[in-house]
Amino acid sequence: MYNTIVIGAGIAGAVVARQLAEKGDRRVLILEQRDHIGGNCYDKKDTYGVLIHEYGPHIFHTNDEVVYEYLSRFTDWYLYPQGHQVVANVDGQLIPIPFNLNTLYLVYGEEKAKELERKLIAAYGEGSRVPIMELKKSDDPDIQKIAQYVYENVFLRYTMKQWGQKPEEISPEVTGRVPVLISRDNRYFQDRYQGVPLHGFTPMFERLLDHENIEVQLGVKASERLTIRSEGVLFDGAPFVGEVIFTGALDELFDCRFGRLPYRSLRFEFEHLDQKDFQQGHSVVNYTVSEDFTRITEFQYLTGQTDCDGTTIVREYPFAYSGAAGEIPYYAILNAENEALYEKYRGLTAGLPGFYLLGRLAEYKYYNMDAMARKALDLAERIMEKER
Ligand code: UDP
């Protein structure tokens, strides 16, 4: 009855399912273990009527016209007029993040900053993006000092909270997501499009999945319906010959038989305040030198909602994912050891015809939403290509 089974209704699963259903004319079954679609992008109104992101702040940002156009079929956007702007609270002073030339002037004062700006531009070029771990390698004592300031005041404590490790102990790809900017650009991302779906992520997913060839079953664990054998996949006990696209945690599909893949998880502490505004001045404030949480998000500024009664904020407390019931694996911990373990699991699926791994969890990668949508579109293309 079904041509294709997709495990997971997050961005990866929803986009690949839509493409295969619509362009590939397949009957697609999506099995989603949660009781809602949208994966970690899921948003909903809280009991006070404030639109919140249940799994932490999600901001869509992209330079990829194809992805932007594609998703625009399913939603209008609330694009941030000034882009997404984040500050760090450093001992009460709010400084723009990523650290940029504006931050430099705030921290060092006009006169000293002018001289340092010249040095930075001479060393890296105007408009360049320098990962902190690169900046730290500079031989110039002045640049060294800037690097040390940024390392200590922006990266060290935040990274310790987020990953339980120092910046030099984690993959440079991770801290490289927030490079030092040799520019006056206060935006957190440098992408052309930055915002959220105008009416929320969940309605965008509802439209993505609203297709006659797509059936979504919620509250279904993949392992209850699928059996992976070296010779192929069984669905409800019978051999399944169509494609299976798996977007969940790969170790859990195999009962963690080689041991658990390490992930970081988050505990979200939501708070509703009976006041118009939390008055942090930004949708997101990072706490880079103090507190046990990494950041505070005030949702009305993230979502653009203007009819809130009161305001809702969320604090994020990272911790090591243990696999206990109710915990969610949010971030793969990228390093050689973990990637080798991941490869062992991937090996179990390598010979399975028509079995594909897609997404942050299934690929054990740190994807942004736009990259994920692009990978899903590409995979659908590759699958359809096979038939031609
Ligand atoms: N980071 C940091 N201080 C900041 C912002 C980011 O140390 O103020 C580091 C931290 O290690 C974090 C990484 O940069 O995990 C990537 O940050 P990003 O904001 O991209 O993380 P996400 O929003 O995906 O959680």
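The values are calculated or read from the model by the stated rules, or taken from the named source; none is laboratory data. Worth saying up front: this structure is predicted, and the values here are computed from it rather than measured. Backbone-built Cβ (ideal geometry, glycine too); neighbour counts: all protein chains shown. Surface areas here come from the heavy atoms of the whole protein model, side chains and all, with no ligands, DNA or RNA. Shrake-Rupley method; radii C 1.70, N 1.55, O 1.52, S 1.80 Å.
Summary of values
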| quantity | calculated |
| --- | --- |
| In nm, spacing of pseudo-spin labels at N335 and E385 (7 Å Cα→C-beta vector) | 3.6 |
| Amide proton proximity set for Y331, modelled H, under 5 Å, gap of 5+ | R264 |
| Residues of region 301-376: accessible area per residue with a 1.4 Å probe, Å² | 42 |
| Å² per residue, accessible surface of region 185-288 at 1.4 Å | 50 |
| Those lysines that a straight Cα-Cα span of less than 26 Å connects to K276, excepting residues fewer than 8 apart in one chain | K44, K45 |
| 17 Å Cα-Cα reach of K161 towards lysines, excluding residues that sit fewer than 8 places from it in its own chain | none |
| Fraction of antiparallel bridges per DSSP, the chain only, in percent to nearest 5 | 70 |
| Exposure rank, largest accessible area first [K386, K23, K365, K161; 1.4 Å] | K386, K23, K365, K161 |
| Charge dipole of region 234-340 about the Cα centre (unit charges at C-beta), most positive-ward option of G310, A332, T297 | A332 |
| Residue list for region 71-100, given a label point 7 angstrom along the Cα-to-Cβ vector of D210 and an amide N cut-off under 20 Å | 71-78 |
| Spin-label proximity, Q190 to region 106-141 - amide N less than 16 Å from point 7 Å beyond Cα toward beta carbon | 120-135 |
| Tilt relative to the chain, helix 369-387 - C-alpha long axis, 0 to 90 degrees, to 10 | 30 |
| Under Karplus coefficients 6.51, -1.76 and 1.60, residue-wise ³J(HN,Hα) of region 119-128 in Hz, glycine/proline x | 5, 5, 5, 5, 6, 10, x, 5, x, 7 |
| Solvent-accessible area, 1.4 Å probe, carbon plus sulfur percent, for the chain | 47 |
| Rotationally averaged projected area of the chain (alpha carbon convex hull; nm²) | 20.3 |
